[in-house]
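Read-outs throughout are calculated quantities, based only on the coordinates presented, and are distinct from any laboratory measurement. Keep in mind that this is a model prediction, so the values were computed, not measured. Quick reminder, even Gly has a Cβ in these numbers, built from the backbone with ideal geometry, and neighbours come from all protein chains shown.
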Amino acid sequence: MKKIFYALIAVCCLLAGCERDSKKNDKPEVALLMCSQTNDFRTAMTVYAKRALDETRLKYKVYAADNAAEQAAQVLDAIERGVKVMIVTPEGTDLDAFTPALEAGVRLVFVEDNAGVANYAALVRVNNTEVGENAGEYVAASDASLVAIFNVAQDEAASDPRVAGFKSKIGDIAVVDKECATYTRAAGKVAAEEVFASHPNVDAFYAQDDEIALGVLDAIEQAGRDDIKVVVGCAGSQAFFAAIKQSEVPELATTLYSPSMVVEAVHVAAEIVDGDDYVREIIEMPATVIDKDNVDDYIDATSPY
């Protein structure tokens, strides 16, 4: 009887151990900390990331933050869950928010910006200064005489270097600086309408974002303007590619800044989980100019963006 009793205890202990192991194995290895889905670009970045994570078969937890305080709290939650790697698009956060993760030995893989953190594992980005420079060279090659440049308050970390890079390459073309509230089509339309009201002789726009640029095209059509010579966005959305093929604006272009860059961050995270050691590696994706001459090479019916 005692033998049966002890055997039952052993079985119960074994089952309890298996349950603990199962729970341990269910813990996410990767935390995906995204900015809230405020536009199509952000939504697509999360879609790309989840697709890539599913392909790696890594366990992961997805977060989306509306502000820096919320993302800082999500960092702490991810640490509590025992993650090994965090893939982060910073939402106004800085080093203080990520110090607890570094102290816990969590590896950080940033996308777009490193939030002031020096000892990250990797940073995947498109160089925003190069984005602006390429756009500036494109406009400089046109016969535009007055270009409206949008400064986007929603994300100065991206907007400011794009604008600076653009201005460094446009030569003697006169400029109008205009603030645009957010990276959305609606905000782009409003900003363009205000430019038309205050500077009716404007004939070019550096919208520095595809969704904003689509709003500019809406404003151009509504105003019946047929004298706009060039509009340049940034990102590489399928909707803007379609506009490039269809628009009556002579020079319509974008600079590649695809949300698919997050896939590279997922690959880095997978290699870290497998034991590889990344130390401050910067992975830069190209800021290729896409216009009517090469747009067909980038059209993809399966793209989420």
By the mean-Cβ-within-10 Å protection proxy, highest first, 203-209, 79-85 rank as 203-209, 79-85
Candidate span helices, the chain: DSSP H, at least 15 Å along axis from Cα coords, Kyte-Doolittle average at least 0.0, result 2-25, 185-198, 210-223, 261-273
Computed about the Cα centre, the charge dipole of the chain from +1 Lys/Arg and -1 Asp/Glu charges at the Cβ has a magnitude in debye, to the nearest 20, of 1820
quick note, the chain, DSSP beta bridge pairs, % antiparallel (nearest 5) is 5
Expressed as a whole-number percentage, the relative contact order of segment 191-305 with C-alpha contacts under 8 angstrom and at least six residues apart is 24
Highest mean packing first, using Cβ neighbours within 10 angstrom, the peptides 251-264, 32-45 sort as 251-264, 32-45
Computed, not fitted: 222 nm per-residue ellipticity of the chain from DSSP H runs ≥ 4 (each -39500 (n - 2.57)), nearest 500, equal to -14500 deg cm²/dmol
Quick note, segment 265-305: a/c under 1.5 would make it rounded; otherwise a/b > b/c is prolate and the rest oblate (a ≥ b ≥ c, C-alpha gyration tensor); here it is oblate
Once Lys and Arg are counted +1 and Asp and Glu -1 for all other residues with Cβ under 15 Å from that of Leu95, the total becomes -4
For segment 121-161, shape from the Cα gyration tensor axes a ≥ b ≥ c, cut at a/c of 1.5 then a/b versus b/c, turns out oblate
Honestly segment 34-78 on the Cα gyration tensor test (a ≥ b ≥ c root eigenvalues; a/c under 1.5 rounded, otherwise a/b vs b/c for prolate or oblate) is just oblate
Length-normalised contact order of segment 113-197, Cα under 8 Å, at least 6 apart, in percent, tallies to 32
Quick calc, segment 193-265, dipole around Cα centre from Cβ unit charges on Lys, Arg (+) and Asp, Glu (-), nearest 20 debye, gives 180
Here the relative contact order (percent) of the chain, from C-alpha pairs under 8 Å and at least 6 apart, is 18
Scattering profile of the chain from the Debye formula, Cα beads only, expressed as log10 I(q)/I(0) at q = 0.09 Å⁻¹, is -0.51
Given 37 °C, 0.692 mPa s and a Kirkwood radius over Cα pairs, the Stokes-Einstein diffusion coefficient of segment 214-272 in µm²/s is 248
A correct Kirkwood calculation over the Cα atoms of segment 80-197 returns a hydrodynamic radius in Å of 16.4
Candidate cut points under trypsin sites (Lys or Arg not before Pro) in segment 132-179, DSSP loop plus at most 13 other Cβ atoms within 10 Å of their own Cβ, are none
Segment 80-131 and segment 163-224 have their Cα centres apart by a whole-number Å value of 32
Most packed first (mean Cβ within 10 Å per residue), the peptides 266-274, 132-140 order as 132-140, 266-274
